[in-house]
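Data block below; observations after.
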Amino acid sequence: MSLPIRFDALIFDFDGVLLESEYAGNRQVAEYLTGIGHPTTPEDAMTHFMGLSGHDFLGAIERWIGRPLPDDFHEARAVEDRRALEEGIEAVIGAVAFIRALPESLPRAIASSSSTRWITTHLDHLGIRDAFGGKIFSGREHVKRGKPAPDVYLHAADALGVDIVRCAILEDSPVGATGAVASGAHVIGLCAGSHCGVGHDERLRAIGVHDIAHDFGEVARLLA
């Protein structure tokens, strides 16, 4: 049965909302930084870097360690990305079933800080790429300003032909939630991924998300 939805469109962040990639990626960054003499936990990395991309991501790390990143950081990241793209990463619990239960006529898009190659490859692994009909947008490719600016969400709503105020956005990171709230959409802070520790929901509430959901069952009830 299709889920009843009271909004005209849904916009999804990707990493940490549909894909269990946030903890793995931040653990790799933390291990690298610790290895070069800057003790960093995955929790530190998620607090300071999660949701950022491109120059914003690199700048946040360099501010954290107080110096430029070594050149081999980029190769270390590339190796980890290649492994993840080849092997795949599991979905956030309940995400695939939720996507498949959406009404076929409901407009939906992905608005992520990741590259479209990363997103589409993992959607293929999860078997749900067709559910988005090509409405896949990257904050580093489709707009000038990535998250925490609201631009990628506004771009997605425009592509769907839906007023942003009639859209609901699912976001998990403080950076992403900041941009989502600024867009004018109804924002659900999703704390379903393994990276969402104690207090994560309160961090999202402080940013101004309208609702908090700890699993996709709660998301469905909030959207009905």
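The values are calculated or read from the model by the stated rules, or taken from the named source; none is laboratory data. Just so you know, these numbers come straight off a predicted model, no measurement behind them. We place every Cβ from the backbone using ideal geometry, glycine too, and count neighbours over all the protein chains shown.
Quick notes on this structure:
- Selection count where residues are of a type in the set (A, V, I, L, M), in contact (Cβ under 8 Å) with a residue 60 or more places away in the chain and not in a strand (DSSP E or B), scope region 160-170: 2
- Looking only at region 199-216, residues that are loosely packed, with under 14 Cβ neighbours inside 10 Å and farther than 17 Å from M46 by Cβ come to 1 in all.
- R77 vs. criteria part of a helix (DSSP H, G or I), among the basic types (K, R) and in contact (Cβ under 8 Å) with a residue 24 or more places away in the chain: yes
- Filtered by the rule that a residue be over 19 Å from C191 (Cβ atoms) and out of contact with any helix residue (DSSP H, G or I) (no Cβ under 7 Å at 6 or more places or on another chain), region 28-48 gives E31, T34, G35, I36, G37, P39.
Conditions tested, residue by residue: (1) assigned to a loop (DSSP other than H, G, I, E, B); (2) at negative phi; (3) in contact with a strand residue (DSSP E or B) (Cβ under 9 Å, 6 or more places away or on another chain).
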position: L85; (1), (2), (3): no, yes, no
position: I93; (1), (2), (3): yes, yes, no
position: I99; (1), (2), (3): no, yes, yes
position: L106; (1), (2), (3): yes, yes, yes
position: H122; (1), (2), (3): no, yes, yes
position: D130; (1), (2), (3): no, yes, no
position: R145; (1), (2), (3): yes, yes, no
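- Residues satisfying the stated conditions in region 137-157, i.e. farther than 15 Å from L18 by Cβ and aromatic (F, W, Y): Y153
- Look at region 123-136: where a residue is over 17 Å from V17 (Cβ atoms) and a partner is outside any loop (DSSP other than H, G, I, E, B) and among the basic types (K, R), sitting 6+ places away or on another chain with Cβ atoms under 9 Å, you get G133/R108.
Every residue, every condition in (1) over 22 Å from P103 (Cβ atoms); (2) of a type in the set (A, V, I, L, M); (3) surrounded by fewer than 19 Cβ atoms within 10 Å (Cβ to Cβ), yes or no:
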site	(1), (2), (3)
R117	yes, no, yes
D124	yes, no, yes
S138	yes, no, no
K144	yes, no, yes
A149	yes, yes, yes
V152	yes, yes, no
A159	no, yes, yes
V162	no, yes, no
A168	no, yes, no
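- Looking across region 140-159, the residues that are within 13 Å of F12 (Cα to Cα) and in contact (Cβ under 8 Å) with a residue 60 or more places away in the chain come down to Y153, A156, A157.
- Given (1) over 19 Å from T121 (Cα atoms); (2) of a type in the set (A, V, I, L, M, F, W, C); (3) modelled with pLDDT under 95, index of the condition I65 fails: (3)
- None of P4, P42 is within 30 Å of D124 (Cβ to Cβ), in the same structural domain as E75 (by TED's automatic domain parsing) and either in contact (Cβ under 8 Å) with a residue 40 or more places away in the chain or not basic (K, R) (or both) except P42.
- Of the residues making up region 29-56, those that are assigned to a helix (DSSP H, G or I), within 19 Å of E75 (Cα to Cα) and at pLDDT 90 or above are V29, A30, E31, Y32, L33, T34, G35, A45.
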